[in-house]
Every structure is written in structure tokens, then in C-alpha cells.
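The values are calculated or read from the model by the stated rules, or taken from the named source; none is laboratory data. This structure is a prediction, so every number in the text was calculated from the model and none was measured. Neighbour counts run over all protein chains shown; Cβ positions are idealised from the backbone, glycine included.
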Amino acid sequence: MTLTADELEEISKVVREALARKPDFLLTVGGLGPTYDDKTLQGVSEALGKPLKLHPEALRMVEEKVRWMAEQGVLRKPWVTPEREKMATLPEGSKPLSNPVGTAPGVLIRKDETVLICLPGVPSEMKAIFSLHVAGLMAERSNLKYAEGSLLVEGIPEPDLSPTIDEAVKRFPSAYIKSHPKGEEATSKIELHVSTFAEKLEEAEGKIGEVIGWLEAEAKRLGGNVKRLG
């Protein structure tokens, strides 16, 4: 792991040096936001020799999140400002990775045999994008097998469901469990996403079934309506 300052030259130098080692994956964390000191993508652009361009799909992701935040009363300016547009300006050839928690998309770029992935620095956003988009890719390149599953829980406010999630994390340490609120507290809808790795696919799927089953039973015990997704 290498820590860098918010300096363009240092970021691009570190990325070039890491790519020269030809890793399967190279992850950067932080520096994807709208402010002047968020320079990760500019540094990656210089390291790869690929220009920054406004990405239509990334812009759509930002627009949708801005619109949703405006509907929740979080934003006073419910439009895409130049600063927000910056979060959708990616190195040429990039693929944006949807961010279910925040605004800035993650970014995936392939350089020869290396998959370079840029994640936001906010821990909840980083973990959500990693679980949703990155974990499966890593599993494909390793000897480990990956499995995931989701539940939609309605009728239980997130603060009331949090102790159950905390207990699940303790009971099932090999599983990663993430909650994604889908509505306001009064009409609560929460998606619970569970993922894990194991040496055999059957083992990974069995663990997912065990965790999902436990969460489903506990949510119903609390009076929630539960639906398995996927």
C-alpha cells in the first residue's frame, strides 16, 4: 500500500510505478470528488497517457444522484454544476461503476493485464462499490469462488434493523453484509446485500444461504416484510 499527497505529479508517478509491476489489480482510494484537490483521475489520466473526457454514463449516474438528493431536500442546487460534472470526467476508455451510497462513480480502466479501479475515499462508498463491482472480478482471477445474495426488507426503520445487522456481522465473520436504504424512514425499504468468498462455489453459496436465511428470519421477527432478490 502506498500513500500519496494530493499532488498530481506524485499520484501519476505512483500509478506508473505500480503498473510497471504488472499486478492483476491496482486500486486507488480517494480523490474522486468535486473539489480542486480531488486529483486522482487526473493523475491516472497522465499515468496512462489517456485524456480526460466527460463520460455520458457517468454523467447520468451523477445527475440521477443529484436529482434524488434534491428530492430529499439535501441539496439547494438540484442541477449538475461544473464541480459535479468533474466527477463524471474520466480517463478515455474508462467504465464508470455505480455508487449506491454517494455521488461520485467508481472507475474501472484496463491497462494490458492490469485492472485499475478507482474508488471513493468515503468508507461506506468504497465498501459498497467494492462489494457491488469489484469483489466478483477479483474472484474470477483467483482460486476463490464468489457468491452473493440480497434481501429487501420493508417496514423496519434502519436504526431498528441495525442491531440485527451488527449481530449478523458477528455471527458470520466470513460474509460481508451491507445495508442500502431505499426510502424515507417512515416508509422504510432497506436492501441487505451479502457476499462471501470460499474455495468451492457450493461452500460460498451455502454460506450466503445461511446468512440470508438468518437475516430473513430476524427481520420477520421484527415485523418486517421480506423479499429475496435475485
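Return yes or no: is SER188 assigned by TED's automatic domain parsing to the domain that holds ALA217 and either among the β-branched types (Val, Ile, Thr) or crowded, with 19+ Cβ neighbours inside 10 Å (or both)?
On the way: assigned by TED's automatic domain parsing to the domain that holds ALA217: yes; either among the β-branched types (Val, Ile, Thr) or crowded, with 19+ Cβ neighbours inside 10 Å (or both): yes.
For SER188, the condition - assigned by TED's automatic domain parsing to the domain that holds ALA217 and either among the β-branched types (Val, Ile, Thr) or crowded, with 19+ Cβ neighbours inside 10 Å (or both) - is met.
Would you mind stating whether GLY93 is modelled with pLDDT of 90 or more, in a loop (DSSP other than H, G, I, E, B), surrounded by fewer than 20 Cβ atoms within 10 Å (Cβ to Cβ) and over 11 Å from the mean Cα position of the chain (by Cα)? Quick ask: steps written out before the conclusion?
Details: modelled with pLDDT of 90 or more: yes; in a loop (DSSP other than H, G, I, E, B): yes; surrounded by fewer than 20 Cβ atoms within 10 Å (Cβ to Cβ): yes; over 11 Å from the mean Cα position of the chain (by Cα): yes.
Judged against the criteria, GLY93 is a match.
Take the conditions surrounded by fewer than 21 Cβ atoms within 10 Å (Cβ to Cβ) and under 24 Å from LEU132 (Cβ atoms) and apply them to GLU57. Does it pass?
Numbers: surrounded by fewer than 21 Cβ atoms within 10 Å (Cβ to Cβ): yes; under 24 Å from LEU132 (Cβ atoms): yes.
So GLU57 fits the description; yes.
Quick check: is even one residue across the range 200-207 outside any helix (DSSP H, G or I), touching a residue at least 40 places away in the same chain (Cβ under 8 Å) and in contact with a Ser or Thr (Cβ under 7 Å, 6 or more places away or on another chain)? First the steps, then the outcome.
Filtering the range 200-207 down to residues outside any helix (DSSP H, G or I) leaves 200.
If we keep only those that are touching a residue at least 40 places away in the same chain (Cβ under 8 Å) as well, we get 200.
From the residues that got through so far, the ones that are in contact with a Ser or Thr (Cβ under 7 Å, 6 or more places away or on another chain) too are none.
No.
Listed here are the residues, each with its yes/no results for (1) outside the structural domain of HIS55 (by TED's automatic domain parsing); (2) hydrophobic (A, V, I, L, M, F, W, C); (3) free of Cβ contacts under 8 Å to residues at least 12 places away in the same chain.
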position: ALA88; (1), (2), (3): no, yes, no
position: SER94; (1), (2), (3): no, no, no
position: LEU97; (1), (2), (3): no, yes, no
position: PRO100; (1), (2), (3): no, no, no
position: THR114; (1), (2), (3): no, no, no
position: GLU125; (1), (2), (3): no, no, no
position: ALA168; (1), (2), (3): yes, yes, no
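Look at GLU205 and say whether it is at pLDDT 90 or above and either in contact with a helix residue (DSSP H, G or I) (Cβ under 7 Å, 6 or more places away or on another chain) or not β-branched (Val, Ile, Thr) (or both).
On the way: at pLDDT 90 or above: yes; either in contact with a helix residue (DSSP H, G or I) (Cβ under 7 Å, 6 or more places away or on another chain) or not β-branched (Val, Ile, Thr) (or both): yes.
So GLU205 passes the test.
Which of (1) surrounded by fewer than 18 Cβ atoms within 10 Å (Cβ to Cβ); (2) of a type outside the set (A, V, I, L, M); (3) touching a helix residue (DSSP H, G or I) at 6+ places or on another chain (Cβ under 6 Å) is the odd one out, the single condition LYS178 does not satisfy?
(1)
Quick one: would you say LEU75 is among the aliphatic types (A, V, I, L, M), outside any helix (DSSP H, G or I) and in contact with a Leu (Cβ under 8 Å, 6 or more places away or on another chain)? Outline the logic, then answer.
Values: among the aliphatic types (A, V, I, L, M): yes; outside any helix (DSSP H, G or I): yes; in contact with a Leu (Cβ under 8 Å, 6 or more places away or on another chain): no.
Taking the combined requirement at face value, the residue does not satisfy it.
Is it the case that the range 39-52 has a residue that's under 18 Å from the mean Cα position of the chain (by Cα) and either closer than 17 Å to LYS95 by Cα or free of Cβ contacts under 8 Å to residues at least 60 places away in the same chain (or both)?
Filtering the range 39-52 down to residues under 18 Å from the mean Cα position of the chain (by Cα) leaves 40-41.
Add one more test, that the residue is either closer than 17 Å to LYS95 by Cα or free of Cβ contacts under 8 Å to residues at least 60 places away in the same chain (or both), and what stays is 40-41.
Looking for residues that are under 18 Å from the mean Cα position of the chain (by Cα) and either closer than 17 Å to LYS95 by Cα or free of Cβ contacts under 8 Å to residues at least 60 places away in the same chain (or both), one finds at least one in the range 39-52, hence yes.
Residues that are of a type in the set (S, T, N, Q) and modelled with pLDDT of 90 or more: does the range 178-194 have at least one?
No - not one qualifying residue is present in the range 178-194.
Just to be sure I understand, how many residues within the range 1-29 are outside any helix (DSSP H, G or I) and either surrounded by fewer than 16 Cβ atoms within 10 Å (Cβ to Cβ) or at pLDDT 95 or above (or both)? Steps first, please.
Going through the range 1-29, the residues outside any helix (DSSP H, G or I) turn out to be 1-7, 21-29.
Remaining after also requiring either surrounded by fewer than 16 Cβ atoms within 10 Å (Cβ to Cβ) or at pLDDT 95 or above (or both): 1-3, 5-7, 21-29.
Within the range 1-29, residues that are outside any helix (DSSP H, G or I) and either surrounded by fewer than 16 Cβ atoms within 10 Å (Cβ to Cβ) or at pLDDT 95 or above (or both) number 15.
Surrounded by 13 or more Cβ atoms within 10 Å (Cβ to Cβ), at pLDDT below 90 and outside the structural domain of ARG16 (by TED's automatic domain parsing): does that describe SER131? Talk me through it step by step, then tell me what you get.
Numbers: surrounded by 13 or more Cβ atoms within 10 Å (Cβ to Cβ): yes; at pLDDT below 90: yes; outside the structural domain of ARG16 (by TED's automatic domain parsing): no.
The answer is no for SER131.
Within the range 119-155, can you find the residues that are part of a helix (DSSP H, G or I) and of a type outside the set (Gly, Ala, Ser)? Even if it seems obvious, please write down each step before you answer.
As a first pass, look at the range 119-155 and keep what is part of a helix (DSSP H, G or I): 123-140.
Matches in the range 119-155: PRO123, GLU125, MET126, LYS127, ILE129, PHE130, LEU132, HIS133, VAL134, LEU137, MET138, GLU140.
For the structure I just gave you, tell me whether GLY136 is in contact with a strand residue (DSSP E or B) (Cβ under 6 Å, 6 or more places away or on another chain), surrounded by fewer than 17 Cβ atoms within 10 Å (Cβ to Cβ) and over 20 Å from VAL74 (Cα atoms).
On the way: in contact with a strand residue (DSSP E or B) (Cβ under 6 Å, 6 or more places away or on another chain): yes; surrounded by fewer than 17 Cβ atoms within 10 Å (Cβ to Cβ): yes; over 20 Å from VAL74 (Cα atoms): yes.
So GLY136 fits the description; yes.
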